[in-house]
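Accompanying notes for the structure given below.
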Amino acid sequence: MTAMDDALTQIDDWPVGSAAVVVIGRDGSTLGSRGDLDRVYRLASVTKPLTAYASLVAVEEGVFELDDPAGPPGSTVRHLLAHTSGLDFSEDKVRAEPGTRRIYSNRGFEVLAQTLEARAEIPFSTYIHEAVFAPLGMSSTRLTGSAGAGAESTAADLARFAAELQRPALLAPQTLALATTVAFPGLDGVLPGYGVQRPNDWGLGFELRDDKSPHWTSGANSPDTFGHFGQSGTFLWVDPQARAACVALADRDFGQWAIEAWPPLSDAVLAALAT
């Protein structure tokens, strides 16, 4: 058994019915996996990086621009992607002026998708399939609900997406670099499940680890790490310094079990990568 194989056995002890994990190298190779990689799981907010990626493809295709108006007055596509539009988590209520607070918002991503849909003149579920899922071979991935939290996928499919996030083929490298750099620096906000973060740095659809504490990744993850976790018990991180990514999916909603289980798994993965 390799060090990575040993690291991934941690999921066997998770208090869940089913789980799967896969580690992907920067070259797209699978460095280790455990569990049924073809089982379909609800992604919850791990949907957001997928929606963001489709939106960035749309920017490159000229469907809209990052600074086009979208959402509440004064808000743009960029604000919606960065959770700074001022929109409430789930309602069409405006809680702040655009660009002044980091308010995590499912509704913002739904408005983003509606904006893209209107500009592209095709359903957003069709656009994301044609722009992201089909070209990456993510044949088991579907957007069946909210653009902020309504996708389902497999560890195998998300491994393909994680490979794309390390060596982009669908986006120009500089576009992905922009998306994984702090947008609207210095804004405080709540990281769901982990409380107020000062600052609560975010890119364009991707949460940035920086020096946040507490956090769902490991203390050993580099500050450059980016990704997302979902309330359905899912996460995806990419650590450019470790030259790898990790996807973990489970069938139990996020809670104290995940707060306790996820960082040790990431610790073990990073230690195995370093051997």
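The values are calculated or read from the model by the stated rules, or taken from the named source; none is laboratory data. Please read all numbers here as calculations on a predicted model, not as lab measurements. Cβ coordinates were reconstructed from backbone atoms using ideal geometry, including for glycine residues, and neighbour counts include every protein chain displayed. These accessible areas exclude ligands, DNA and RNA; they are computed on the full protein's heavy atoms, side chains included. Shrake-Rupley method; radii C 1.70, N 1.55, O 1.52, S 1.80 Å.
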Exercise. Got a sec? Which of Phe109, Phe64 is under 21 Å from Thr181 (Cα atoms), in a helix (DSSP H, G or I) and in contact (Cβ under 8 Å) with a residue 24 or more places away in the chain?
Worked result: Phe109
Problem set entry | Within segment 6-34, considering residues that are touching a helix residue (DSSP H, G or I) at 6+ places or on another chain (Cβ under 6 Å) and assigned to a loop (DSSP other than H, G, I, E, B), the one most open to solvent (accessible area, probe 1.4 Å) | Arg26
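Which of the strands (runs of 3 or more DSSP E) contained wholly in segment 175-240 include at least 1 residues that are within 18 Å of Leu265 (Cα to Cα), polar (S, T, N, Q) and out of contact with any Asp or Glu (no Cβ under 6 Å at 6 or more places or on another chain)?
Those strands (runs of 3 or more DSSP E) span 234-239.
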For this session: Answer with yes or no whether Thr154 is open to solvent by 40 Å² or more (accessible area, probe 1.4 Å) and closer than 30 Å to Gly25 by Cα.
Result: no
Seminar exercise, completed: Filter segment 231-275 for residues that are charged (D, E, K, R) and closer than 15 Å to Gly32 by Cβ; the one that is surrounded by the fewest Cβ atoms within 10 Å (Cβ to Cβ) is Arg243
For this session: Quickly run through segment 195-212 and pick out the residues that are touching a Phe, Trp or Tyr at 6+ places or on another chain (Cβ under 8 Å) and open to solvent by 20 Å² or more (accessible area, probe 1.4 Å).
Result: Arg209
Exercise. Which condition does Val46 not pass, out of (1) in contact with a His (Cβ under 7 Å, 6 or more places away or on another chain); (2) in a strand (DSSP E or B), if it passes all the others?
Worked result: (2)
Problem set entry | Within segment 181-191, tally of residues that are surrounded by 15 or more Cβ atoms within 10 Å (Cβ to Cβ) and more than 18 Å from Ser55 (Cα to Cα) | 5
Problem set entry | Single unsatisfied condition, Glu91 versus (1) closer than 27 Å to Val21 by Cβ; (2) acidic (Asp, Glu); (3) open to solvent by 70 Å² or more (accessible area, probe 1.4 Å) | (1)
Problem set entry | Matching residues, segment 184-205, being farther than 17 Å from Glu60 by Cβ and under 16 Å from the mean Cα position of the chain (by Cα) | Leu191, Pro192, Gly193, Asn200, Asp201, Trp202
For this session: Name the residue, out of Ala162, Ala131, Ala147, that is over 30 Å from Ile259 (Cα atoms), within 18 Å of the chain's Cα centre (by Cα) and crowded, with 22+ Cβ neighbours inside 10 Å.
Result: Ala131
